[in-house]
Each structure stands twice: as C-alpha cells, then as structure tokens.
Amino acid sequence: MNNFPDSQTPAYHNMGEWSKAIDQVGAPKLEGLAEKLNRTKADYIQEFEALNLPTYARYIEPLAEFLTRDAVRDEGMNTPTLWFQLIPRSADMQKHTMLDVSDDQISTETKRLIDEQDIDKYDILVSEFLPNKYGGQMVIDETNRVEVYFGEGKEADYSTGEKTPEYHVGNSDPTGTFKYSFDDVGLREAAWRVIDATATESDAGSFAKAHHPGYYEFALCGDDLRPIFLDYRPYSADSPYQLPE
C-alpha cells in the first residue's frame, strides 16, 4: 500500500511562480536580509536539530578553532566524503561552500579560499555528504499550506536559482489534498516522506496532520531516495520565503 495520500493531476501554477513571487518582494522586506542569511546556520542550527528531522551529522565552530583540530570529523560522521561551508560573520563578506570533499581537502581548500588575516572573521560548518539524486525546497506556512519544489541533481542548484525545479507537490487545494505534478510512484513516496517528516508529533502517521511551519532545503539520496534535510528557517510573516498568493 502506498504511504502517501492519493492524488490527481494538479491544476497548479507553473514551476516558476514561487521564484517570481520571491523576485517581486519589495525593497523594504529585503533590508537586512543579507545579514540574516549569513547568520542562518549559526542562529538556527539548534532549532533545526530540535525538529528531529532526518539529516546529516555535522557541527559548526569558529574557523580558527577548526584549523587547530587534529581530526576533521566529529563522532558519528560516516559518509565517504563531507561538505563544508565557510560562513562570514559580516554581511559584506563572501560565503563559500564545497560539496563532496575528502577530509584533507577541507583544510587545504579553506586556506586557499580565506586569507590568513580573515580567519577570525569566519565560522565553519562541516557535514556528512551523500550525492543528491534529487534536491529541492519546501515551504510550510502557519495555515498548514505545503508547497514542495524539487528536481534532479544538487539541492544547491535549485536554492540558488541555477536550475528550475522539475517537480511540484502541494496542498493549496481548498480540500487540503496533496497533488503531484508527476506520476512516478516511487518518487511520490519519496516526496511524501519529506512532507511527513515535518508532521507535528501528535499528528505523525495521520493524513489529516499538521506540519511544522518553515522553509526547508532537502535532498533525496541513494537508490532508496532517502530524505535528508539540509537547512531550515522558521516561517514568519516577513519571511522572504513566503508562498505565492
């Protein structure tokens, strides 16, 4: 039996509508946005972990402390390669991300990317990594509206706008029924596992469930399309990650 709600072919807005809505956000809403985004990992990592979503083992610390480590990996990091992100503490400095790197490459690439005099101006996030078969984003608002956009390949290609999502799942129908823009049963099940992971504890396992509001970035990994959540930001009325009207 399928473990996701039955659905019909959606009569939804096109795949670019959400992106267009974000592009049309007025300047007042963007004030201070760069600083907020640069602080995202450090500010929200504890709240992200409290959601108990399937994710990678990872840690974040000042870059200067990282460079004194004898070992790159924390306990429990078991993937063949890792990914890392250099997070500036100032909004006017560049963030750097590298995927699928060996332990040795992290220190080497960090020293190549960051001038020695700037080391104290960065934090570093180090995480497990598995190649993404699919990647995408999901937004859940406070009315329990869920919209998921994803496509083949790296999640980062979609969150940065390099690629247009190929697939969409949403429940903006007045009945709250989830609709899918694709027919593949295995892919539908994988997408439903992403959505279901955000169900509040009291509603887990129920089709009539509430979901924790927020903006999520995720990947589907391996032959079993295992969902891995990569990032989370709380939903709020002034969030730049609002759903289209």
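The values are calculated or read from the model by the stated rules, or taken from the named source; none is laboratory data. The structure displayed is predicted, hence computed values, not measured ones. Note that we place each Cβ from the backbone using ideal geometry, even for glycine, and neighbour counts take in every protein chain shown. These area figures cover heavy atoms from the full protein model, side chains too; ligands, DNA and RNA do not enter into them. Shrake-Rupley method; radii C 1.70, N 1.55, O 1.52, S 1.80 Å.
Assorted remarks:
- Hits in region 95-108 - residues which are touching a residue at least 24 places away in the same chain (Cβ under 8 Å), open to solvent by less than 40 Å² (accessible area, probe 1.4 Å) and either more than 22 Å from P131 (Cα to Cα) or not β-branched (V, I, T) (or both): S107
- Single residue of D92, D43, D23 found to be among the acidic types (D, E), at pLDDT below 50 and surrounded by fewer than 15 Cβ atoms within 10 Å (Cβ to Cβ): D23
- Single condition I87 does not satisfy, out of (1) in a strand (DSSP E or B); (2) at positive phi: (2)
- Residues (over 17 Å from S102 (Cβ atoms) and at pLDDT 90 or above) located in region 64-83: A64, E65, T68
- Set side by side, the residues A208, A204, A199, A191 differ, and just one is at pLDDT 95 or above and more than 13 Å from the chain's Cα centre (by Cα), which is A191.
- Check on E61, at pLDDT 50 or above, among the charged types (D, E, K, R), within 21 Å of the chain's Cα centre (by Cα) and open to solvent by 40 Å² or more (accessible area, probe 1.4 Å): no
- Among the residues making up region 120-148, those that are over 23 Å from P54 (Cβ atoms) and surrounded by fewer than 18 Cβ atoms within 10 Å (Cβ to Cβ) are D120, K121, E142, T143.
- First in region 219-245 and within 27 Å of L99 (Cα to Cα), second anywhere and among the small types (G, A, S) and modelled with pLDDT under 60, Cβ under 8 Å, 6 or more apart: R233/S239
- Any hit, region 208-215, residues being free of Cβ contacts under 8 Å to residues at least 60 places away in the same chain, open to solvent by 20 Å² or more (accessible area, probe 1.4 Å), outside any helix (DSSP H, G or I) and on the phi < 0 side of the Ramachandran plot: yes
- Between G151, G176, G161, G170, the distinction of being more than 22 Å from A50 (Cα to Cα), of a type outside the set (D, E, K, R), in contact (Cβ under 8 Å) with a residue 12 or more places away in the chain and open to solvent by 50 Å² or more (accessible area, probe 1.4 Å) belongs to G161 only.
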